[in-house]
Amino acid sequence: MKKILSAALVTLLLVAATPSKTQAQCDTIASVCAKHIISTFISDGQQYRALLLNPDETAEFKTTFFGETVYRLAACSGLTDGNLIFNIYDQERNLLFSNKDFKNAPYWDFKVKSTVDVTIEAKLNPVNGGSGCAVLLIGFKESKK
């Protein structure tokens, strides 16, 4: 009976430790990604995160971009750039941007003419394989009036 309780306790501890390890991995990746939100941009204050277990999975994030605002979207997975492919779609699923067309650039600056609700999809680069935490950060430039 003692061995069963001991095995159950070890299993419980392993399950309890896994989220904190994943959380720590995502925190590290968010720190790496934050270097792309330079001082001319103001963070929107959020870290969009998802755990992708293989290159076939897609994370989906929804946000609103406001008209006449310059945005920087930074996307990271892992400790080096180019591991995450992201696509930005409008409400009708029209592709507005894909970093895949730009060698998986880890960040991109853009300006929208009018306010638009968007869906950002992120996938691991299939060349690199593996799994990882996908982190998206969004910054914007203060409008000059």
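None of the figures in this text is laboratory data; all of them are computed from the coordinates on show. Predicted model, so just to flag it, every value in this text is computed and none were measured. Virtual Cβ from ideal backbone geometry, glycine too; neighbours counted across all protein chains shown.
Quantify how much of the Cα-Cα distance distribution of region 29-140 extends past 18 Å, in percent.
Cα-Cα pairs in region 29-140 separated by more than 18 Å: 44 percent.
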**OP:** Go ahead and collect, in residue order, the members of region 97-115 whose backbone nitrogen is under 17 Å from a label point 7 Å along the Cα-Cβ direction of Ile38.
**Re:** 105-111
Subject >> Euclidean distance between Cα centres, region 56-107 to region 112-143, Å >> reply: 3 Å
Original post:
In whole percent, what relative contact order does region 29-140 give with Cα contacts below 8 Å and a gap of six or more residues?
Top reply: 45 percent
Original post:
If each Cα of region 79-145 is one equal point scatterer, what is log10 of I(q)/I(0) from the Debye formula at q = 0.15 Å⁻¹?
Top reply: -0.55
